[in-house]
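To keep things clear, I will list the structure first and then write my remarks on it.
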Amino acid sequence: MIGLIDCNNFFVSCERVFMPALRQRPVVVLSNNDGCIVSLSSEAKALGLKRGNPFFQVRELCEHNGVAAFSGNHRLYGDMSGRVMATLGTMVSDLEIYSIDEAFLNLDFCRSDTLESFGRSIVARVRRNTGIPTSLGIAPSKTLAKIAARFAKKYPAYHAVCIIDNEEKRRKALQLTDIGDVWGIGRRLSRRMHDVGIHSALDLADRPKADIERLLNIVGERTWRELNGEPCITMDIVEPAKKQMCCSRSFAEDIYNLDRLSGAIAAFAGILGRKLREQKSVALSMSVFIHTNSFRSDQPQYYGNAHFTLDEGTNDTIQLTEVAVDCLRRAYRKGYGIKKAGIHICEICPEVSLQQSLFAKEGERERRRRLMEVVDRINAGSAEHDKVHVARYSPISSCVRNELKSRLYSTRLDDAIKVNTPNNHPTPPAK
């Protein structure tokens, strides 16, 4: 059996861990630049708020109903995710981290008569160790486990654990699941399913294989098999290395200055360089893109892009920054206010497979590798990961709007919660 553990309203739950007064209050977490709602509590949903609502359109509604709004604090969320996954790792040896708030668990070692009690112990331990509420779905396949987790979260009667372990439960769950809510069936494909009379997950599962081969591709056929209880999506215990990477931001205000843009691009290059080194990969090519605010029809519009293929792959932040800034200069046009910029690393290969340039200086690559190793070691002790950086760098926080950001409770000592005890205060004089 496979389990899918899903953290409930994860970003909101992270904020509530350190601010218990928010637990019965409607809460929303906003996207980059405090633009749209990306996570919201059940109380906020009851007010009619939805994920994707532009915050400026619902600000008055939020203020009128006492909704607590927070800028996305992704360093805090990343650290709390690590704590959740570490707790799961103490109970299950085969763990596949699917996203920041989801993980698949291999539960084949657990007897069927103890599966429910073990599942409840997982949910309870994560809540006790981290404060994060979770829902657990258990089923013979990953796709069915995702459906079970959705039921565990949606219906309180399951007490956070839903198990699909027989044919009756499987068919009932699929009948109650809209085709658009099935893992692997996107919005466009679900419209196509509706056109041929497939409206629920059960409609899809009951179609003969010949119809599935005609209607869907290999991935769709695999989903059909999973819905029928045949596990065919394997557990990836080791996360596969990324083949492409992108780092981009929308800015709080339009940027007209090339030097200021260069500082942001240097920050993006630093982030990507660190990620490449973490997965022991190198970049073979990159592109830098910039564009104006497409929502401002009263302003001139521009989209710029420049690509560069490296002579020799690298994960050196200094070299990546040089290439990225050069691309930015080629893409930039004076007089346009840039609203968004980013770097896209188009080709990545493993570091061990890199073929060195014939004209590379002897020992230069090893010296650069050791330098980056020292930089990463120093920055690992910094909450912001940027204590040591290139001179052109400017903090991303200086370009984006996050006026409602909470503290870094778990990663910055100055932001840690202070607990007062009797020993913190002098003993009052005897009367």
Filter the helices (runs of 4 or more DSSP H) completely within segment 171-215 down to those with at least 3 residues that are under 25 Å from the mean Cα position of the chain (by Cα) and modelled with pLDDT under 85.
187-195
Would you tally the residues in segment 306-320 being over 16 Å from M372 (Cβ atoms) and open to solvent by less than 20 Å² (accessible area, probe 1.4 Å)?
1
Confirm whether S39 is of a type in the set (G, A, S) and in contact with a helix residue (DSSP H, G or I) (Cβ under 7 Å, 6 or more places away or on another chain).
yes
Please work out if E43 is open to solvent by 20 Å² or more (accessible area, probe 1.4 Å), more than 19 Å from T134 (Cβ to Cβ) and modelled with pLDDT of 90 or more.
no
Suppose we filter R51, R59, R25 for residues that are open to solvent by 20 Å² or more (accessible area, probe 1.4 Å), charged (D, E, K, R) and in contact with a helix residue (DSSP H, G or I) (Cβ under 7 Å, 6 or more places away or on another chain); which single one remains?
R25
Being part of a loop (DSSP other than H, G, I, E, B), under 28 Å from the mean Cα position of the chain (by Cα) and surrounded by fewer than 17 Cβ atoms within 10 Å (Cβ to Cβ) is the filter here, so list the residues in segment 216-235 that pass it.
N217, C232, T234, M235
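Those residues that are farther than 30 Å from D113 by Cβ and of a type in the set (S, T, Y), I need them from segment 152-211; list them, please.
Listed by number, the residues that qualify are S190, S200.
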Output the qualifying pairs, or none if there are none: Cβ atoms under 7 angstrom, residues six or more apart or on different chains, first residue in segment 198-224 and touching a residue at least 40 places away in the same chain (Cβ under 8 Å), second residue surrounded by fewer than 19 Cβ atoms within 10 Å (Cβ to Cβ).
T223/G184
Quick check on segment 258-275. Is at least one of its residues within 30 Å of N106 (Cβ to Cβ), modelled with pLDDT of 90 or more, touching a strand residue (DSSP E or B) at 6+ places or on another chain (Cβ under 8 Å) and open to solvent by 50 Å² or more (accessible area, probe 1.4 Å)?
yes
Any residue that is over 24 Å from the mean Cα position of the chain (by Cα), over 26 Å from V28 (Cα atoms), hydroxyl-bearing (S, T, Y) and at pLDDT below 70 - is there at least one of those in segment 412-428?
yes
Residue ID - modelled with the lowest pLDDT, chosen from residues in segment 292-305 that are of a type outside the set (S, T, N, Q) and surrounded by fewer than 18 Cβ atoms within 10 Å (Cβ to Cβ)
F295
Matching residues in segment 405-422 (within 12 Å of F18 (Cα to Cα) and of a type in the set (D, E, K, R)) number 3
Inspect all residues belonging to segment 338-345 and state whether any of them is open to solvent by 10 Å² or more (accessible area, probe 1.4 Å) and over 25 Å from the mean Cα position of the chain (by Cα).
no
Limited to segment 69-79, what total is found for residues that are part of a helix (DSSP H, G or I) and of a type in the set (S, T, Y)?
1
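The values are calculated or read from the model by the stated rules, or taken from the named source; none is laboratory data. Quantities reported herein were computed from a predicted structural model and do not represent experimental measurements. Reconstructed Cβ throughout: ideal geometry from the backbone, glycine too, with neighbour counts over all protein chains shown. The accessibility values were calculated without ligands, DNA or RNA, using every heavy atom of the protein model including side chains. Shrake-Rupley method; radii C 1.70, N 1.55, O 1.52, S 1.80 Å.
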